[in-house]
């Protein structure tokens, strides 16, 4: 099998664990740029009343649902060439964007969720197991051990529901892996992987941009549908496919190959 963005070791780790950590995925310049743009987006979001779709109302965090509406740089991050190469390795040549967010997790705040799966579905496509959905976190700040980590139960995407442990406190989950990461790290995970947000006991705000991709027949979640202004910017087959402007696009030539010398996943 030809891999486009992952090494064989990373590909095997993805299937073994149900998540993958790509350190240094974003450059320092990209992190600085996205941090500034995120601050501007939240200033605009607050000025406009801070509204979100009903299902986007989360406790203990600040969240902008549909961050791609707040600047072309967020739309460009949706189709980051290196991440598109990774998505081809886990999905194949057909997938769509189903939601996207900016999230700030302030210090000294409880977690906004406990252990869960994002989907109850698993897929077999052309005799190949593929995820129903894959979520990508781009971390724009360092995340300490007690800094409200994203956490996973490794290998849980292979477990039936009745074998998943239940805990009252997020940090009590046996065998969990905390994403204690440096800014610029990208973390992706299968929506069937058991995961949680942990409590932020630190003095720092956890900052992240989140993009969720789904199998080609999945539609954008309600409330995240791109505006007409954003859809008007879908001038390439790749962007049309991601935004659902032209469903069922399957064109390998739509994916720009990342520069191997600049790839952070190798």
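Each value in this text was obtained by applying a stated rule to the coordinates, not by laboratory testing. It should be emphasised that the depicted structure is a prediction, and the values quoted were computed from it without experimental measurement. Every residue, glycine among them, receives a Cβ derived from its backbone with ideal geometry; neighbour counts consider all protein chains shown.
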- Query: Picking from 210, 64, 124, which is most flexible by a Gaussian network model of the chain using Cα springs under 10 Å?
  - Reply: 124
- What number, in percent, do you get for the relative contact order of the chain if the mean sequence gap of Cα pairs under 8 Å and at least 6 apart is divided by its residue count? 31
- Item | Top of 23, 48, 110 by mean-square fluctuation, Gaussian network on the chain, Cα under 10 Å | 48
- Message: Just to be sure I understand: with springs between alpha-carbon atoms less than 10 Å apart, which residue in 37, 208, 216 has the highest mean-square fluctuation in the Gaussian network model of the chain?
- Response: 37
- Query: Could you give the alpha-carbon Rg of the range 8-250 over 2.2 N^0.38 Å, rounded to two decimals?
  - Reply: 0.97
- Just grab the label-to-label distance for residue 246 and residue 146, each label 7 Å out from Cα along the Cβ direction, in nm (one decimal). 5.3
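Let me check I have the definition right: for the range 147-230, take the eigenvalues of the Cα gyration tensor, multiply each by 5, take square roots. What are those semi-axes in whole Å, largest first? Don't skip to the answer; put the middle values down first.
Numbers: eigenvalues 137, 83, 27 Å².
Ellipsoid half-lengths, sorted descending, are 26, 20, 12 Å.
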